[in-house]
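K.L.:
To start, I am sharing the structure in question, which I have written as structure tokens.
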Amino acid sequence: RLHKIFGDRLYLEMCRTGLPEWQQLNPFLLEASKITGVPVVASNDVHYMSPDDQLAQEVLICIGTNKTLSDESRFKLGSSEFYFKSPEQMKKLFHDVPEAIARTLEIAERCDVKFKVKDETGKPIYHLPTFPTEGGASLKEDIARKALKGLDERFSEAKIRNESISEERKPDYYKRLEFELDVIDRMGFNGYFLIVQDFINWAKSHDIPVGPGRGSGAGSLVAYSLRITDLDPLPNFLLFERFLNPERISMPDFDIDFCQDRRQEVIQYVTEKYGQESVSQIITYGKLQARAAIKDVGRVLGMTFPEVDAVTKLVPEKLGINLKEALEMEPRIREMMDMNPTVNTLMDLAQRVEGMVRHAGIHAAGVIIADGQLVRHAPLYRGADGEQVVQYDMKHAEKIGLIKFDFLGLKTLTHINHAIKLIKKNRNIEVSTKQIPLNDTKVFEMMSRGDTAGI
């Protein structure tokens, strides 16, 4: 049945790692190969690079499964043959079936994957979903129409806040808007802006508090007009070029804050709009840093907390320090290693596992929205609560053209929302963050006094 499905891409894998299960299975595989014509291939199931790494690998398994080395029930690979063997070693191991060795190269040649990250003109390829425009308009027409309409609405709102923009200044706004729209269009980011404004305005229309915008994105008048941000960049002298620069083509990146309690609703909205198969969160890899490596290895070796703590406390307080540097900077660690063989073993193993991946987590804010099925671009992973997660971390996902949108949960917005609701309940006064002027003299006086606890 497998042969029917895979045709000439099916191979029977033989391993000689000293496990009794493989020793029983290998003769059957050779026999099956003769009967069916499906070729055999030699492999070695590599779990670590050299024979010396065997103990370090066992330590890593113990860290991951919360066991100690002395625990008889801990998972073991069952032999010391799971290292990366040289071609000579493999030829010797499979001397009686040389054709199985030759086929490893055959498979390698068939599995050469190249990511297409640039088009014929050298421009980066981005996997953005197609934004559904109104009335069959192009993305360029849709963003221009929405931005112009939005800017006129912003002028009306400024009047309500007694911050009205004079008729003489308005041409500056239209000129800046036109300039920004041209840059956005030339860089191919119309769709990106439309996607962001869509889910932000959906959140606002569903009474989900959204931050006013921060970072370089606040310098965009188009973003202000589309209600992605809520701060007018012109009177605040904010530069658009800090956000998007035609000289340096890179994806725009809006940091978007949502009320912490309801952030998940916005992610659910984009999942439903673009499809479950196109929306995913991003993996993060927790690596063993210097102190964590000592603590985890100490626990696996069965050492007591005070014993391990005495060593850990000697690691100098330097950002991003590694154990090699710690040994050079702090001679007392070396003294402890010379006096106590257990500490010597601890430091040797800690250095071997340092920098290794300890666990996988989910990026606090990043959400990828892709064109079509994500599995066509990247492997996926299932989070602890069933979340769909891309197995490439943020930097590597962006390198292959997947676009990250930041959905940050901010408890400050939740507090502001609660405050507004309490004002309405206790004083029957309707307050909206849109109405609050930025030049309120009483607020300025209060902040000048340093009377800012709880703000």
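The values are calculated or read from the model by the stated rules, or taken from the named source; none is laboratory data. A quick note: this is a predicted structure, and the numbers were derived from the prediction, not measured. For neighbour counting, all protein chains shown are included, and Cβ atoms are generated from backbone atoms with ideal geometry for every residue, glycine included. Calculation scope for accessible area: heavy atoms of the full protein, side chains included, ligands and nucleic acids excluded. Shrake-Rupley method; radii C 1.70, N 1.55, O 1.52, S 1.80 Å.
K.L.:
Expected output is a single nm value to one decimal: the length gained when fully extending between Leu30 and Leu69, i.e. 0.36 nm times separation in residues minus the C-alpha distance. What is it?
P.N.:
10.3 nm
K.L.:
When you count, for each residue, the other Cβ atoms within 10 Å and take the mean per peptide, how do 20-30, 113-123, 274-284 rank with the highest first? The partial results should precede the final answer.
P.N.:
On the way: 20-30: 13.2, 113-123: 7.9, 274-284: 19.2.
My ranking of the peptides, most packed first, is 274-284, 20-30, 113-123.
K.L.:
Could you sort the peptides 438-444, 296-302, 135-141, 183-189 by per-residue average Cβ neighbour count (10 Å cutoff), highest mean leading? Let's see the in-between values first.
P.N.:
Details: 438-444: 10.0, 296-302: 20.7, 135-141: 12.1, 183-189: 17.3.
Ranked from most to least packed, the peptides come out as 296-302, 183-189, 135-141, 438-444.
K.L.:
Using only Cα atoms, what Kirkwood radius does the stretch 1-118 have, in angstroms? Walk me through the intermediate numbers first.
P.N.:
Details: mean 1/r = 0.0600 Å⁻¹.
With all distinct Cα pairs of the stretch 1-118 included, I get 16.7 Å.
K.L.:
Can I ask one more? Taking the Cα centre of the stretch 12-171 as the origin and placing charges on Cβ (Lys, Arg +1; Asp, Glu -1), which of Ile160, Leu12, Val97 is farthest toward the positive end of the dipole?
P.N.:
Looking along the dipole axis, the top candidate is Ile160.
K.L.:
Treating the beta-carbon of each Lys and Arg as +1 and of each Asp and Glu as -1, no other charges, what is the dipole magnitude of the stretch 228-384 about its Cα centre, to the nearest 20 debye?
P.N.:
On the way: 18 positive and 23 negative charges, 113 e Å.
Charge dipole, the stretch 228-384, about its Cα centre: 540 debye, nearest 20.
K.L.:
Another question about this same structure. Could you list which residues have their amide H under 5 Å from that of Lys287, counting only those 5 or more apart in sequence or on another chain, with H placed in the peptide plane?
P.N.:
Answer set, sorted by chain and number: Arg358.
K.L.:
Hey, another quick one. Do the alpha carbons of any pairs in Lys4/Lys34; Lys204/Lys425; Lys159/Lys442; Lys295/Lys399; Lys287/Lys404; Lys118/Lys395 sit beyond 26 Å of each other, and which pairs? Please list the in-between numbers first.
P.N.:
Details: Lys4/Lys34 17 Å; Lys204/Lys425 21 Å; Lys159/Lys442 21 Å; Lys295/Lys399 34 Å; Lys287/Lys404 22 Å; Lys118/Lys395 17 Å.
Long pairs (Cα-Cα over 26 Å): Lys295/Lys399.
K.L.:
With θ set to phi - 60° and the Karplus curve 6.51 cos²θ - 1.76 cosθ + 1.60, what are the ³J(HN,Hα) couplings of the stretch 398-405 in order, to the nearest whole Hz, using x for Gly and Pro?
P.N.:
So the J values, rounded to whole Hz, are 5, 4, 9, x, 7, 9, 9, 10.
K.L.:
Mind checking which aspartates and glutamates have their C-alpha under 13 Å from Lys116, skipping anything on the same chain fewer than 8 residues away?
P.N.:
Of all the aspartates and glutamates, those that pass the test against Lys116 - Cα under 13 Å, at least 8 places apart if same chain - are Glu398.
K.L.:
Over its Cα atoms, what ratio of radius of gyration to 2.2 N^0.38 Å does the stretch 192-350 give? Please list the in-between numbers first.
P.N.:
Values: Rg = 25.1 Å, N = 159, 2.2 N^0.38 = 15.1 Å.
Cα-based Rg divided by the globular estimate yields 1.66.
K.L.:
Put +1 on the Cβ of each Lys and Arg and -1 on the Cβ of each Asp and Glu in the chain; which of Pro341, Val270, Gln435 then has its Cα farthest toward the positive end of the dipole?
P.N.:
Working it through, the farthest residue towards the positive pole turns out to be Gln435.
K.L.:
Can you give me the three principal axis dimensions of the stretch 304-408 from its C-alpha atoms, in Å, biggest first?
P.N.:
61, 25, 24
K.L.:
If I histogram all Cα-Cα distances within the stretch 143-255 using bins 10 Å wide from 0, what percent of pairs lands in each bin?
P.N.:
Result returned by the calculation: 14, 50, 31, 5.
K.L.:
Residues with amide H under 5 Å of Gly409's amide H, sequence separation 5 or more or different chain, H placed in the peptide plane at 1.01 Å from N; which?
P.N.:
For Gly409, the qualifying residues are Phe258.
K.L.:
Another question, if that's okay. Loop only by DSSP, 16 or fewer other Cβ within 10 Å of the Cβ. Give me the GluC sites (Glu not before Pro) in the stretch 293-332 that pass, ordered by residue number.
P.N.:
Values: sites: Glu307, Glu317, Glu325, Glu328; in loops: Glu317.
Passing sites in the stretch 293-332 are Glu317.
K.L.:
Here is a follow-up. Suppose every Lys and Arg Cβ carries +1 and every Asp and Glu Cβ carries -1, with no other charges. What dipole size does the stretch 296-420 come out with about its Cα centre, to the nearest 20 debye?
P.N.:
Numbers: 14 positive and 17 negative charges, 73 e Å.
Computed charge dipole of the stretch 296-420: roughly 360 debye.
K.L.:
Can you work out ³J(HN,Hα) from phi for every residue in the stretch 32-48, in order, using Karplus 6.51 cos²θ - 1.76 cosθ + 1.60 and θ = phi - 60°, giving whole Hz and x for Gly and Pro?
P.N.:
My calculation for the stretch 32-48 gives 4, 5, 5, 6, 9, x, 6, x, 8, 9, 8, 9, 10, 6, 7, 10, 7 Hz in order.
K.L.:
Next question. Against the longest alpha carbon principal axis of the chain, how many degrees, from 0 to 90 and to the nearest 10, is the axis of helix 98-110 turned?
P.N.:
10
K.L.:
Can you give the FRET efficiency to the nearest 0.05 for Lys204 and Met339, using r as the Cβ-Cβ distance and R₀ = 51 Å? Working shown, then result.
P.N.:
Values: r = 65 Å, r/R0 = 1.27.
My answer for the efficiency is 0.20.
K.L.:
What list of ³J(HN,Hα) values in whole Hz, one per residue of the stretch 414-424 in order, does the Karplus curve 6.51 cos²θ - 1.76 cosθ + 1.60 (θ = phi - 60°) give from phi, with Gly and Pro shown as x?
P.N.:
5, 4, 4, 4, 4, 4, 4, 5, 5, 4, 5
K.L.:
Run the Debye formula on the Cα coordinates of the stretch 207-265, all scatterers equal and no solvent, and tell me log10 I(q)/I(0) at q = 0.14, 0.21, 0.28, 0.30 1/Å.
P.N.:
-0.42, -0.80, -1.13, -1.22
K.L.:
Sticking with this one: Could you check how much of the accessible area of the chain is carbon and sulfur, as a whole percent, using a 1.4 Å probe?
P.N.:
On the way: 14640 of 26880 Å².
Its accessible area is 54 percent carbon and sulfur atoms.
K.L.:
Still on this structure, please answer the following. Roughly how tilted is helix 170-186, in degrees to the nearest 10 and between 0 and 90, from the longest Cα axis of the chain?
P.N.:
20
K.L.:
Please report the spacing between the Cα centers of the stretch 402-449 and the stretch 233-302 in Å, no decimals.
P.N.:
24
K.L.:
Charges only on Cβ, +1 for Lys and Arg, -1 for Asp and Glu: so what's the dipole of the chain about the Cα centre, in debye to the nearest 20? Intermediate values should be presented prior to the final figure.
P.N.:
Values: 61 positive and 67 negative charges, 130 e Å.
Using Cβ point charges on Lys, Arg, Asp and Glu, the chain gives about 620 debye.
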